[in-house]
Amino acid sequence: MLDLNRRLFPLQCARRNYPGAAAPLSIPWSVAEKAYGVYASLYGTGQSLERLAERGGFGVEEMDQLYPLWREEVSEVAALRAEVERLRAVLASIHDAVDDELRRLGAVPGSCVAQIEADARAALADPGPARGA
């Protein structure tokens, strides 16, 4: 699930002619920590991650060099795809539970579910009278 209260680390804008210039203005702190691990091994720990953040963060080019997978990790699209897959799994387990209960009651699982889905689609297509009217 997306954590909207996560701590963010600033990114400096890339040069216009840099091929990977399109980037967010901030990234999760946890991703910056991964880049900082490489940064510290190359340049030492004279500047803490906190201090780098105070000075404007890493540049986009630096992030591409220090932690090449950072874009994939911070991609909201990737996070949303993972959430969709999680919800599909939840929905499948709900369908299975409904089918099991219908079998227990002696009903034909597919026919009831199909009718419920058709009713739901119809309700969404026709919201009925406006509230307060």
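Bear in mind these aren't lab numbers, they're just calculated from the coordinates by the rules spelled out. None of these values were measured; they are calculated from a predicted model. Every residue, glycine as well, gets a Cβ built from its backbone with ideal geometry; the counts of neighbours run over all protein chains shown.
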**Fill in**
So for R0 = 25 Å, FRET eff. of Leu25-Ala82 from the Cβ-Cβ r, to 0.05, ends up at 0.65
**Message:** If amide hydrogens are placed 1.01 Å from N in the peptide plane, which non-local residues have theirs closer than 5 Å to the one on Ser26?
**Reply:** Leu11
